[in-house]
Structure formats: structure tokens, C-alpha cells
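Colleague: This is the structure, below, for whatever I ask next.
The values are calculated or read from the model by the stated rules, or taken from the named source; none is laboratory data. What you are looking at is a predicted structure, and each value in this text was computed from that prediction instead of being measured. Please note: Cβ atoms are built from the backbone with ideal geometry, for glycine as well, and neighbour counts cover all protein chains shown. For the accessible areas, the whole protein counts, side chains as well, though only heavy atoms, and no ligand, DNA or RNA atoms are used. Shrake-Rupley method; radii C 1.70, N 1.55, O 1.52, S 1.80 Å.
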Amino acid sequence: MSARLSPGRAIAAHAALLTYTAIALFPVFVIVINSFKSRRAIFADPLALPLPGNFDLVGYQTVMTRGDFFLYFQNSMIVTVASLFCVLLFGAMAAFALSEYRFRGNMLLGLYLALGIMIPIRLGTVAILEMMVASGLVNTLTALVLVYTAQGLPLAIFILAEFMRSVSDDLKNAGRIDGLSEYAIFFTLVLPLVRPAMATVAVFTMIPIWNDLWFPLILAPAEEVKTITLGSQVFIGQFVTDWNAVLAALSLAIVPVLVMYLIFSRQLIRGITAGAVK
Amino acid sequence: MGALDLKRITKSFGATEVIKGIDLEVREGEFCVFVGPSGCGKSTLLRIIAGLEDATAGDILLDGKRVNDVAPARRELAMVFQSYALYPHLNVRDNMGLALKQAGKPRAEIAASTDRAAGMLSLQALMERRPAELSGGQRQRVAIGRAIVRRPKLFLFDEPLSNLDAALRVATRIEIARLHRELGATMIYVTHDQVEAMTLADRIVVLRAGEVEQVGSPMELYNNPANTFVAGFIGSPQMNFLDAAALGFAPGKVGIRPEHLQLSRRAGEIAGSVSHIEKLGGETLVYLRSDAHGLITVRLFGEHDFAVSEAAFLTPDQNRLFHFDTQGSRRMP
Ligand SMILES: Nc1ncnc2c1ncn2[C@@H]1O[C@H](COP(=O)(O)OP(=O)(O)OP(=O)(O)O)[C@@H](O)[C@H]1O
Ligand SMILES: [Mg+2]
């Protein structure tokens, strides 16, 4: 599978891709370098690298001491992981049902479940808030997990159903003849084969949840359930903004998503090669 | 053990009727082959027998018991798929043992059955490999092994050899015939390949568009086809269909197999010119174009030389003619 490119075209392709990478990573780069500098150094020369002259960990110190940063962190982690788990589990189950079983209204149900891709869940914020108030879930992490699960499901079902249709019928039928239950077929035969799709869905689902400010602000603004994005807002004042702290908080917030992304993308690559060999 | 009885089976997908009322009895220990053109419903019928698909109407009886509502795993049958369908996450041993494990059999018994099947198919050296690490032929042998392990009453094969190359296909075909002799189980085998059908079958079921055209032993179908469809389907190269009126018979078709025609340069009943010849070493196929009958295939044994567009004459063996009416049904003498 080695596409033969002439050296000239290879250089051009690499140049284009490297330029794009540089542009995409530049904001992250600026955030990270400035988080290690003193406030004056940030404003004097935002693009300078943190060197002995301007190196300062004051931002990180503020973050560690002010506010319950670790609690926020933990909240974000709980909400993201729990929502991700629910989205992947229920999404895959619904996708399996839609792709595997012929029943009346299959098409309509599929369309209905995919509708959520086109309609932003935030349009329903008021109703969701009323529902959460009525069920006493305001200021709980459960509220966030429920909302994010609902938000992530449509795309997950849509993508996974498409992939599951491509899993060989013979394989599932062989399992049925060998006496595997439908659950066993789903968990042991189908899920491993759609693992690359699961990883893709996981990445697409995880990032908006981790970054969301809207629902934590509305549904769970209390101190003990604040997520990291909401928690970082304490450093952004109406008149004074503690840039060191904001940048340090953001830099730290990148780490967990990065780790999760790396985990999932390894799955992605492994899944792809496993499929190619078969 | 393993007698199958189908009673008026029909199957519709939405509005299209795919199986249109099939009655069929397969006797115990019989090797029954389903043949028919692509899309005629062979796989669908096999899936209905296996219980992977529900029949729209009709009854399926295994050993005299109605099994319409019995789950596939409980029907005591095994199926070998065209695409092998091995479990990618299990090694060969576990692939073969899974059904017994699901049935809750003790470990020692599973190991014994797996080893016995592996021995029959010479798979011992491959037991610890994953399917991804096997060649196509080895995968197919594992798939067959997986079927044997359970000692089913009934084996279902859905075009098991069509993904193999020619040499391997012959070897595996012989293997399957041997297994049938050794196990004595009932086997139902779907194929496109008429050599497979002729060599393996005790009985061949010819299907067309969801209906049974004819059932019989390979030689019955060869010597006594009920209509032009069966006559054309069984035998290779295909039977020639000549215009009956042009030969002085009642209107319709006259069928004659390529091996029952005599070819001469000097004189004969049907005149034509050679349009193509194929030399296969042991036999020579001559394609003759005649004004009255179109292209006629002649099969000669040994090597023969004919030039393209050379004039030649054919004489059919009068005892080997099949007469069909204008509808294509056999006209009985
Ligand atoms: N799930 C399905 N939904 C709708 N139509 C189907 C379905 N499965 C099969 N069919 C139709 O039923 C007919 C018979 O299909 P089947 O797979 O049994 O053919 P076949 O004889 O096995 O053909 P081949 O030799 O190509 O394997 C085909 O016309 C096919 O389009
Ligand atoms: Mg088929």
C-alpha cells in the first residue's frame, strides 16, 4: 500500500500538512508556553518561550491553592467517563438492534434517533432545566451525565449502525447455530469488530462534553459539582483576569483529553490493522 | 437420525415471494445437493432449515418433529458458510469447541471431540492459531471441523468451496465425500458448481426461482431431465437445444448432449461450419454454427484438428435425443 509519490510532490504534501498542523496547534502552543511565564512576560512578549528570565509557575500555584481545582477535575472526569460509557453502551446496543433485526418501524425509529444530530440539544435547555428541577437533579453530576448521554447518542447510533451493517451475517449466524445468545453475539462478535468505529465515536463524543460550559453553568453551578471548564471561570473576572491562572488551568485541562485521545486512537489503529489482515 | 422433511415452505421478503412452496424429503444419511441459478433461493432455504430465518408458511420436520419454533442451536445441525465465518477472536481450538462449551459439556469431552475432528481434517498443527493466521483452505477446513465437532444430525453447507482455488476445491471436495462416508450424517449442500453436484450427491434438487424443478440422483437427472431447464443445468458442456421442426419432429426443441453428436467432414444430418475449437488434451470441443439451429457444441475425445470456418456435418445419436414441447417440458415417448 505504498503510494509512489515523486519527491517533489511528497515535499509539497508534507509542507501542506505541516503548515496545517502548525496552524492548528499554534493556539495550544501559545497557551502552554504562556502558562509558564510571569504575568508581565505574557503581556510583554506573548510569543517568547519560557526562559530562566521570565519563567514563573505562579499560575499553577494559584490554580493549586485557590478553588477546589482537584475536585473540579474529578467532577469533569466522572461526568465525561460516565457519559462516554453510557453513550457507547446504549448507542451500540441501539445500533445493533437497528442494523440486525427486521421489525416494523425500523426505518422510522432509525430516523427518529438520528434526528438529534440535526437539532442542537441546547434548544431544549429550558425544558431540561424544568425537568431536572422537578426530579430534584439540579446540582448533581447525574443531571450532566443524563444530558450528555442524550446529546451523544444520535451520532453514536448513526455511525455505529452503519458499521454494524457491514459485519458479516454469516459470522453472527454461525454464533447463533453454536448457541451464543444475542447478547453474546453482540458483546463478543460484533463489538470487537466495530472497535475502530467505537473509538471514533468516543473521541467525537468526549471532547464536546469535556469542554462544555453551558450545561454545567445551568444545571450544576454549585461549588461541589463544578466541572473544570466552569471552575476555571473563577479566574476570569469582569474587571481583572488572572491570566496566569486561566492559562495554567487550561493547560492542565488539556492533559486528560489528550490521554484519553491517545488511548482511543491506539484502539483505532489496532482495529484497522486487525481488519485488514482478516 | 437426521431425516428432514419440508412441507409447503414459503418465504416472502416484504412483497416478493422468494420461496414458493417447497416440498422435500431428505432421507437419513443422504447427501442432498441443491443447485440452481444465482438468486433462486438456495441460501434462503438453507437458512430456513437452520432456523436463522423464519418460513412465512409451511413446516420443517427434523426426524419427524416439527422444529419451526426451535432455536438454531437446538436443532442439532451445523452449518458451514461460504465466507468461513470463523470467530476472529478465538484460536482454532476454541473456534471448534465453542458450540460444545455453550452447551455446557465438560472440558474433557470438548477436548476429545475437538481433537478427533482435528485429526480427521489434519488440523493438529494449527490448533493454537487465530483465523487471521490461516490460509483460505485452512480456514475452510477449520470451518468444516467446527461443524463436525458437534456430531450434528444434519450438516448444511452453503457453497463451502467457492472461495477456494481449483486444486484446493478438488481436494476439499474429496475430503467432504470421505467425511460423509465416515460420519454417515445427513448432509445438505448448496453449490453452483455442477461437478460438485454430480460427484457428491446422492440426490440433486434443482431449484429455479423458489421452486423445485426436479429431484433425482445425478444420473437420473442426466439421463432423464424433466424439462429444458434441468437438461441445460445438468451436464457440462451444456446440452444443445436444436429446433425440432427443422429435424422433422413436432414443434419444440430437441436436446442432445455434446458427447452424443458425431462430427464428420463429409456427410451428416446437420450441416454447419466450424466457428471455434477448444483443445483440452483429453477432449476437444468443437463449436459449429448451423443456420437452422444456431451454435452447437460437440465434444470429441482425444485430439482433433479442425480449421475455423471449415464445413462440417453432424449426426446425432438417435437413442440419445430428448424431445421437449414448446413450453420446455419433456415430451414422453
Ligand atoms: N434479507 C433479504 N431481504 C430481501 N430479499 C432477500 C433477502 N435475502 C435474500 N433475498 C432475496 O431472495 C432471493 C434468493 O436469495 P438467496 O440468497 O437465497 O439466493 P441464492 O440461490 O443463494 O443465490 P446465490 O447462488 O447467488 O447465493 C434473492 O432474489 C434475494 O434478492
Ligand atoms: Mg447463496
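Colleague: Viscosity 1.306 mPa s, temperature 10 °C: what is the translational diffusion coefficient of the stretch B:237-331 from Stokes-Einstein with a Kirkwood Rh over Cα pairs, rounded to a whole number of µm²/s? Numbers along the way, then the final one.
Modeller: Details: Rh = 13.5 Å.
This corresponds to a translational diffusion coefficient of 118 µm²/s.
Colleague: Please give the Cα centre distance for the stretch B:190-212 versus the stretch B:78-92, rounded to the nearest Å.
Modeller: If we compute the Cα centre of each part, the gap is 24 Å.
Colleague: Got a sec to turn the phi values of the stretch B:44-54 into Karplus ³J(HN,Hα) couplings, 6.51 cos²θ - 1.76 cosθ + 1.60 with θ = phi - 60°, whole Hz, x for Gly and Pro?
Modeller: 4, 4, 5, 5, 5, 4, 6, x, 7, 9, 8
Colleague: In straight Cα distance, which aspartates and glutamates are under 16 Å from B:Lys153, not counting same-chain residues fewer than 8 positions off?
Modeller: A:Asp178, B:Asp5, B:Glu25, B:Glu28, B:Glu30, B:Asp63, B:Glu76, B:Glu182
Colleague: Another question, if that's okay. Find the Rg to Rh ratio for the stretch A:1-95, where Rh is the Kirkwood radius over alpha-carbon pairs and Rg uses the same atoms. Provide the component values of the computation, followed by the final result.
Modeller: Working: Rg = 21.6 Å, Rh = 18.0 Å.
With Rg and the Kirkwood Rh in hand, the quotient comes to 1.20.
Colleague: Next question, about the same structure. Just B:Met79, B:Met219, B:Met96 to compare: in a GNM of chain B, with alpha carbon springs under 10 Å, which one fluctuates most?
Modeller: Checking each option, the largest mean-square fluctuation is seen for B:Met219.
Colleague: Here is a further query. Of B:Lys11/B:Lys65; A:Lys172/B:Lys20; B:Lys7/B:Lys105; B:Lys11/B:Lys105; B:Lys65/B:Lys105; B:Lys20/B:Lys105, which ones are farther than 32 Å apart at the Cα? Don't jump to the answer; show the numbers that get you there.
Modeller: Details: B:Lys11/B:Lys65 20 Å; A:Lys172/B:Lys20 27 Å; B:Lys7/B:Lys105 34 Å; B:Lys11/B:Lys105 35 Å; B:Lys65/B:Lys105 24 Å; B:Lys20/B:Lys105 40 Å.
Pairs exceeding the cut-off: B:Lys7/B:Lys105; B:Lys11/B:Lys105; B:Lys20/B:Lys105.
Colleague: By per-residue mean of other Cβ atoms within 10 Å, what is the highest-first order of B:253-262, B:126-135, A:41-50?
Modeller: B:253-262, B:126-135, A:41-50
Colleague: While we're looking at this one, here's another question. Between helix A:141-165 and chain A, what is the angle of the helix's C-alpha long axis to the longest principal axis, kept within 0 to 90° and rounded to the nearest 10?
Modeller: 50
Colleague: Give me the Kirkwood hydrodynamic radius of the protein assembly as shown, using the inverse of the mean 1/r over all pairs of distinct Cα atoms, in Å to one decimal. Numbers along the way, then the final one.
Modeller: Numbers: mean 1/r = 0.0328 Å⁻¹.
The answer is 30.5 Å.
Colleague: Do any chymotrypsin sites (Phe, Trp or Tyr not before Pro) in the stretch A:71-146 lie in a loop, going by DSSP, with at most 11 other beta-carbon atoms within 10 Å of their beta carbon, and if so which? Could the numbers behind the result be given before it?
Modeller: Values: sites: A:Tyr72, A:Phe73, A:Phe85, A:Phe90, A:Phe96, A:Tyr101, A:Phe103, A:Tyr112; in loops: A:Tyr101, A:Phe103.
Taking the stretch A:71-146 and a limit of 11 other Cβ atoms within 10 Å, the loop chymotrypsin sites (Phe, Trp or Tyr not before Pro) found are A:Tyr101, A:Phe103.
Colleague: While we're on this one: Calculate the length of the line joining the C-alpha centroid of the stretch A:15-91 to that of the stretch A:176-246, in whole Å.
Modeller: If you average the Cα positions of each part, the centres end up 17 Å apart.
Colleague: Turning to a different aspect of this structure: What do you get for Rg/Rh of the stretch A:1-56 when both radii come from the Cα atoms and Rh is the Kirkwood radius?
Modeller: 1.29
Colleague: Would you mind checking the tilt of helix B:107-120 against the longest principal axis of the Cα atoms of chain B, expressed as 0 to 90 degrees and rounded to 10?
Modeller: For helix B:107-120, the angle is close to 20 degrees.
Colleague: Over the Cα atoms, compute the radius of gyration (one decimal) and Dmax (the largest Cα-Cα distance, rounded to a whole number) for the stretch A:111-257, in Å.
Modeller: Considering the stretch A:111-257 through its Cα atoms, Rg and Dmax are 20.1, 70 Å.
Colleague: Relative to the longest principal Cα axis of chain A, at what angle does helix A:243-277 sit, 0 to 90 degrees, rounded to 10?
Modeller: The angle comes out at about 30 degrees.
Colleague: Hey, another quick one. As a test of the formula, what do you get for the protein assembly as shown when each DSSP H run with n ≥ 4 contributes -39,500 (n - 2.57) and the sum is divided by the residue count, at 222 nm and rounded to the nearest 500 deg cm²/dmol?
Modeller: On the way: 20 runs with 279 residues, N = 611.
One gets -14500 deg cm²/dmol as the mean residue ellipticity at 222 nm.
Colleague: Under 10 Å, Cα contacts only: if you run a Gaussian network model on chain B, which one of B:Asp59, B:Asp193, B:Asp305 comes out with the highest mean-square fluctuation?
Modeller: Comparing B:Asp59, B:Asp193, B:Asp305 in the GNM, the peak value goes to B:Asp305.
Colleague: Let me ask you something else. Please list, in order along the stretch B:11-17, the HN-Hα scalar couplings obtained from phi with the Karplus expression 6.51 cos²θ - 1.76 cosθ + 1.60 (θ = phi - 60°), rounded to whole Hz, x for Gly and Pro.
Modeller: The phi angles translate into 8, 10, 9, x, 8, 8, 8 Hz.
Colleague: Which residue, B:His180, B:His89, B:His293, has the most motion in a Gaussian network model of chain B that connects Cα atoms within less than 10 Å?
Modeller: Comparing B:His180, B:His89, B:His293 in the GNM, the peak value goes to B:His89.
Colleague: In whole percent, and with a 1.4 Å probe on the protein chains, what portion of the accessible area of the stretch B:4-230 is carbon and sulfur? Kindly include the intermediate steps, with their values, before the conclusion.
Modeller: Numbers: 4470 of 9350 Å².
Of the solvent-accessible surface of the stretch B:4-230, carbon and sulfur hold 48 percent.
Colleague: Using the basic label-point model (7 angstrom from Cα toward the beta carbon), what is the B:Ala108 to A:Arg122 distance in nanometres?
Modeller: About 6.8 nm separates the two model spin labels.
Colleague: Compute the Kirkwood hydrodynamic radius of chain A, taking the inverse of the mean of 1/r over all pairs of distinct Cα atoms, and give it in Å to one decimal. Mind showing how you got there, number by number?
Modeller: Working: mean 1/r = 0.0457 Å⁻¹.
Every distinct Cα pair counted, the radius reaches 21.9 Å.
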